[in-house]
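*Asks:* After the structure tokens below, expect a handful of questions from me.
A short reminder: the numbers here are calculations on the coordinates, not readings from a lab. Here the structure is a predicted model, which means the values were calculated and not measured. Counting neighbours? That spans all protein chains shown, and the Cβs are built from the backbone with ideal geometry, glycine included.
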Amino acid sequence: MGKEIGERTFLEGTTVASFGLISVTALAGCSPKDSSSLPPSKWDTEESSMSTNKDILFEFVDAVSMQDLNKLASLFTEDCVYEDVAQGGTMLGREEVKAGYNQVFSQFPDFKLEIKSYFIAEDAITSEWVMTGTSKTGKSFSTRGVTIDQLRGGKIQKNRDYYDPSGILNAGV
């Protein structure tokens, strides 16, 4: 049935996967016996940074949805590196990120980003998303992708986007 590991009991079938910057443990039915008797864990002490990182993720999505370029740029460090791995482009610094998104918003006036799932770590965010939009010519697209963000000082320092660009290219860009 379950396995005793330290002070917690986990069901059989625990899966651990490593994704570059962070390791993710997907637990099927993780349940502490009595959380009040457990010693503080690394996760308890990092809760505030994890909450902040989650805020960064959703502030990013809000800035994209509102097409607020200043808010979007403020979420990145001055020396950020933003890689669009799918299309082979790199933006260096806040101003290039701002200019890059300005171009996207110009081409797709209704551009949206919807988070499907995410993993938060002390200095990283990994998110799965769907981006949608309609070009000025009326062609729509919907593309799934993944972003890996590395954080520094409460801001995004490195961003890497992975997705299939064919949907966007077919929409006329």
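*Asks:* Across region 45-170, how many lysine pairs, 8 or more apart or on two chains, come within less than 18 Å at their alpha-carbon atoms?
*Replies:* Taking region 45-170 as the scope, the lysine pair count is 13.
*Asks:* Provide the per-residue ³J(HN,Hα) series for region 61-66, in order, calculated from phi with Karplus coefficients 6.51, -1.76, 1.60 and θ = phi - 60°, each as a whole number of Hz, with x at glycine and proline positions.
*Replies:* Going residue by residue, I get 4, 4, 4, 5, 4, 8 Hz, with x marking Gly and Pro.
*Asks:* Quick one: order 64, 146 by neighbouring beta-carbon count within 10 Å, fewest to most. Walk me through the intermediate numbers first.
*Replies:* Numbers: 64 21, 146 17.
With the fewest neighbours first, 64, 146 line up as 146, 64.
*Asks:* In addition: May I ask for the percentage of alpha-carbon pairs in region 45-170 that lie more than 22 Å from each other? Please report the intermediate quantities before stating the final value.
*Replies:* Working: 2385 of 7875 pairs.
The calculated P(r) of region 45-170 puts 30 percent of pairs beyond 22 Å.
*Asks:* Considering the dipole of region 55-159 built from charges on the beta carbon (Lys and Arg +1, Asp and Glu -1) around the Cα centre, which of 80, 124, 146 is farthest to its positive end?
*Replies:* 146
*Asks:* Order of 111, 60 from fewest to most other C-beta atoms within 10 Å? Don't skip to the answer; put the middle values down first.
*Replies:* Working: 111 19, 60 22.
With the sparsest Cβ surroundings first, the list reads 111, 60.
*Asks:* Amide H neighbours of residue 85 under 5 Å, at least 5 residues apart or on other chains, H built in the peptide plane: list them.
*Replies:* 161
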